[in-house]
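Down below is the structure, laid out as structure tokens.
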Amino acid sequence: MCKQVEILSPENSSGFKMKYILTETQKNSYFRNGYLVIKNLISEEEIEQLKRQSELIGDNKVDHVPISSTQVEPDAKIKSSADKNLTLRKLYDIAVYDQIFWKHVVNDKIVDVVAQLLETNDIKLYGDQLFMKNPEVGSEIYWHQDSASWKDIFPKDLITAWTALDNSNLENGCLKFIPGSHRFGTLGLDSDSREQKMEKFLPLLNFKQWAIRDIELDSGSVSFHHSLLVHGSGKNLSLKRRRGYAAHYMRALSWKDDRVTDAPLMPKFCQVRGNSYENCV
């Protein structure tokens, strides 16, 4: 059996010296709303490095990221390799293959925030996604909950750190959150159900109307959100690409239910910080 998680504080952080310490206001905001935005958390130098690497991977100019990690826009009509690059929707599970993106995954400032929100320094990576959101063709991502897809991982309190590589705004399809929706548990909203609209799940929340927050981010800012938070993003109507990199973190004390047969097939869960535990992920 897994051991009990110890409560983490900056003064007693199991040997880790925090580089970014959250305020009580920030933590309370996350627990209440299901998300937290930290502006300019990542340096310009690192962002530029991630941008360059995303271009190389997207252009298939590296040989260490398998083609199986790419996904094109669902309605794309591909006639040439150039079309495929322009219609590339996202790349996923690339940090296990690519050192530059792995370096970002273990960035101390990001992991410090995750550790304080999960209240443990024992953390693993569930997976990651690089969203390309190409100009004019970058599609809408409908309302969903991440844990509705990641249905074999418990507890359902994973945290996504979504880093803006480009400025993200309403025109180019920024993230959209429904604050507090994570507190209602799993609503059966998975990201593969492209036809789902708000009116289908609002009755489940027992409310007639929910506030929608458009999360506009400058390059280098990071949004942290709970895996049960209802969220999506708009279509890219601009003439520029809108890239965002999402790393999904979980407790090393989480467990995987192998009886679940319709969850995503994931690569090995990599240790980000702290200890690993027998019979856990």
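The values are calculated or read from the model by the stated rules, or taken from the named source; none is laboratory data. Keep in mind that this is a model prediction, so the values were computed, not measured. Here Cβ is always computed from backbone atoms with ideal geometry, including for glycine, and neighbour counts include all displayed protein chains.
Values computed for the structure shown
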quantity	calculated
Search result, residues across segment 135-173 that are basic (Lys, Arg) and more than 15 Å from the chain's Cα centre (by Cα)	151
Residue that is at pLDDT 90 or above, among the β-branched types (Val, Ile, Thr) and either surrounded by fewer than 19 Cβ atoms within 10 Å (Cβ to Cβ) or in contact with a Cys (Cβ under 9 Å, 6 or more places away or on another chain) (or both), where the choices are 96, 62	96
Given (1) surrounded by fewer than 18 Cβ atoms within 10 Å (Cβ to Cβ); (2) in contact with a Phe, Trp or Tyr (Cβ under 6 Å, 6 or more places away or on another chain); (3) closer than 27 Å to residue 43 by Cβ; (4) not polar (S, T, N, Q), index of the condition residue 170 fails	(2)
Residue list for segment 29-70, restricted to those being out of contact with any Gly (no Cβ under 8 Å at 6 or more places or on another chain), of a type outside the set (Val, Ile, Thr) and closer than 14 Å to residue 225 by Cα	29, 30, 31, 35, 36
Segments classed as strands (runs of 3 or more DSSP E), wholly inside segment 230-281, with at least 2 members that are at pLDDT 95 or above and within 19 Å of the chain's Cα centre (by Cα)	244-251, 270-273
Members of segment 237-251 found to be in contact with a Pro (Cβ under 9 Å, 6 or more places away or on another chain) and under 19 Å from residue 51 (Cα atoms), listed by number	238, 239, 240, 241, 242
Close pairs from segment 217-235: first touching a residue at least 60 places away in the same chain (Cβ under 8 Å) and closer than 13 Å to residue 177 by Cβ, partner of a type in the set (Asp, Glu) and surrounded by fewer than 22 Cβ atoms within 10 Å (Cβ to Cβ), Cβ under 6 Å, at least 6 apart	234/140
Answer residue from segment 105-118, given it is out of contact with any strand residue (DSSP E or B) (no Cβ under 7 Å at 6 or more places or on another chain) and not basic (Lys, Arg) and is farthest from residue 245 (Cα to Cα) among those	116
Index of the failed condition, residue 136 passing every other in (1) surrounded by 18 or more Cβ atoms within 10 Å (Cβ to Cβ); (2) of a type outside the set (Lys, Arg); (3) assigned to a loop (DSSP other than H, G, I, E, B)	(1)
Any hit, segment 196-214, residues being of a type in the set (Asp, Glu), at pLDDT 90 or above and part of a loop (DSSP other than H, G, I, E, B)	no
Residues that are without any contact (Cβ under 8 Å) to a residue 60 or more places away in the chain, more than 14 Å from residue 102 (Cβ to Cβ) and not hydrophobic (A, V, I, L, M, F, W, C), drawn from segment 46-64	48, 52, 55, 59, 60, 61, 63
Residue within segment 82-90 that is under 17 Å from the mean Cα position of the chain (by Cα) and either β-branched (Val, Ile, Thr) or modelled with pLDDT of 95 or more (or both) present	no
Condition met for residue 189 (crowded, with 22+ Cβ neighbours inside 10 Å and at pLDDT below 95)	yes
